[in-house]
Structure formats: C-alpha cells, structure tokens
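Here is the structure we will look at.
Since every read-out is calculated from the coordinates, none of them should be taken as a lab result. None of the values given here were measured: they were computed from a predicted structure. Note that each Cβ is placed from the backbone with ideal geometry, even for glycine, and that neighbours are counted across all protein chains shown.
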Amino acid sequence: MERIICLLIGYVFGLFQTAVLYCKMKGVDIKSVGSGNAGTTNTLRVMGPKAGGIVLLGDMLKCMVAIFITNMLFGRNNPDYIILYMTYTAAGCILGHDFPIHLKFKGGKGIACTAGYTIYLGLQFNWLFILMGVVSFFLPFNLFHIVSVCSLCYYSALFIMCICYGQMGLFGAIPQGALIEVYVILALLTALAFYQHRGNIKKLIEGKERKTYVFKKNKVD
C-alpha cells in the first residue's frame with residue numbers, strides 16, 4: 001500500500017507543469033512553440049536562460065517536495081525502506097510530468113524531475129550523487145551542447161551508481177528483495193528516458209540533432 005501511495009503522491013506533484021504555467025504567465029503556449037515539449041530545454045530555447053532556470057528549479061522542487069512528504073509519512077517508521085519510498089515517489093512524479101492527464105498525457109521528458117531525485121539522494125545518503133549528476137550532464141554538455149546526449153549520459157550514470165551504491169550496502173539495511181525492486185524501477189525509468197528521447201536519438205544518428213546554448217537563444221546548427 002505504501003508503494004501505491006508514494007506513486008500517487010508523486011504523480012499528483014508531477015502534474016504541476018512548471019513550463020506550461022510559467023510560460024502561460026508570460027503569454028506563451030510552450031506546447032505550441034519550439035519542439036512543443038513542456039520542459040526545461042524547450043523553455044530555454046524559446047524564452048531564454050532565466051525562464052529555463054525557473055522551469056528547471058520548479059520541476060526539481062516538485063519531485064523533492066513529493067519525496068519529502070512520503071519520507072515523513074513512511075520513512076520515519078521504516079527507515080530501512082527510505083530509498084524504496086523515494087524511488088517510487090520519484091517514479092510517480094516523472095510519470096505525472098511525462099504523461100499529465102490534464103494535458104492529454106503529453107508533458108516533458110522527466111529529466112529535471114530525476115535531477116530532484118538525485119539531489120535528494122545526495123542529501124539523504126551521499127553528496128557524491130549530486131557530483132555524479134553534475135559531471136555526467138555538464139561534461140558532455142560542454143563538449144557537445146546536445147541536451148539529449150547529456151540527459152541519457154546522466155540517466156545511465158545514475159542507474160549504474162545506484163546499483164554500485166546499493167550492492168555495497170550503503171543504502172542501509174534494506175532487504176535484498178526491496179533493493180532489487182529499486183533497481184528494477186530505475187531500469188524502467190532509464191528505459192523510459194531513452195524512449196522519450198527516441199526522436200532525438202534518430203536525429204543523432206542522422207546528424208540532425210539540434211545543439212543548445214544557454215546564452216544563445218534559438219541558435220540552430
């Protein structure tokens with residue numbers, strides 16, 4: 001039951017579409033401009049770095065707040081299962097962000113929400129999770145300026161690090177079965193991230209994927 005509640009709480013928070021709400025306040029329908037994606041990258045390209053930063057922060061925070069709530073509800077009484085509750089909540093938030101019912105199930109790609117999960121991992125367990133996120137995203141960004149590559153590198157690194165960290169017993173005294181459950185959820189979320197970027201992957205193969213620059217609005221290569 002706790003798992004279902006964590007998923008539902010996460011999904012409800014995921015429905016808070018920061019890009020849609022912020023851009024609407026500025027008189028822009030983010031779903032009808034640029035790539036049509038309700039996420040940080042499209043907002044950055046269309047509205048500039050300030051708007052992109054606000055959307056990034058909002059999408060990270062909604063996942064972190066959802067995790068905080070489920071930790072308060074369940075984590076205090078079951079501290080060994082905190083990583084499990086966190087992961088279910090993050091999964092719900094990502095699903096709510098990617099497939100919002102009020103937007104006909106067409107949202108973003110969930111990378112910023114996952115970043116919120118990663119930050120919470122860093123605060124809850126080890127700051128190296130945050131360092132991993134920064135390095136695995138921004139190193140390829142500085143090299144290639146292709147957000148899809150950065151996002152998939154980041155997701156892959158998160159998945160691998162969580163498995164390594166868990167197998168070393170550093171997530172606490174969580175039972176092995178529950179730990180495997182965490183791995184399965186993260187594997188599914190990683191697969192979802194690749195699926196959500198399927199169009200980008202096709203463009204990468206064709207050499208047509210667009211580059212993104214923080215301070216060069218709407219630059220096309």
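With the simple model of a label 7 Å out from the Cα in the direction of the Cβ, L123 to A191 spans 3.1 nm. Taking the chain as a Gaussian network of alpha-carbon nodes connected by springs under 10 Å, the highest mean-square fluctuation of the residues A91, A51, A66 belongs to A51.
Which is the longest stretch in the chain that no exposed loop site breaks, taking sites as trypsin sites (Lys or Arg not before Pro) with a DSSP loop state and at most 15 other Cβ atoms within 10 Å? So the longest stretch without any such site is 107-207.
Take each peptide in 110-117, 131-138, count the other Cβ atoms within 10 Å of every residue, and average; sorted highest first, the result is 110-117, 131-138. What does the net charge come to around T70 if you take all other residues with beta carbon closer than 11 Å to its beta carbon, with K and R at +1 and D and E at -1? Local net charge: +1. For the set K62/K109; K31/K106; K31/K211; K26/K50; K62/K104, the pairs lying more than 18 angstrom apart at their alpha carbons are K31/K211; K62/K104. Against the chain, whose longest principal axis comes from its Cα atoms, helix 49-70 is set at around 20 degrees. Between helix 111-124 and the chain there is an angle of about 40 degrees, using the helix long axis and the longest principal axis of the Cα atoms. Under a model in which nothing but the beta-carbon of Lys, Arg (+1) and Asp, Glu (-1) is charged, the chain shows a dipole of about 1020 debye around its Cα centre. Evaluating 6.51 cos²θ - 1.76 cosθ + 1.60 at θ = phi - 60° for every residue in region 144-161, the Karplus couplings come out as 10, 6, 10, 4, 4, 4, 4, 4, 6, 4, 4, 4, 5, 5, 4, 4, 5, 5 Hz, glycine and proline recorded as x.
Shown here for region 23-111: chymotrypsin sites (Phe, Trp or Tyr not before Pro) in loop regions (DSSP other than H, G, I, E, B) with at most 14 other Cβ atoms within 10 Å, namely F105. Between the helical axis of 2-14 and the dominant principal axis of the chain, each derived from Cα atoms, what acute angle in degrees is found, rounded to the nearest 10? Once rounded, the angle reads 20 degrees.
Of all the options V55, V28, V12, the one that moves most in a Gaussian network model of the chain with Cα springs shorter than 10 angstrom is V28.
Normalised by 2.2 N^0.38 Å, with N the number of residues, the alpha-carbon radius of gyration of region 2-206 equals 0.99. Each Lys or Arg adds one and each Asp or Glu subtracts one; over the other residues with Cβ under 15 Å from the Cβ of M25, this totals +3.
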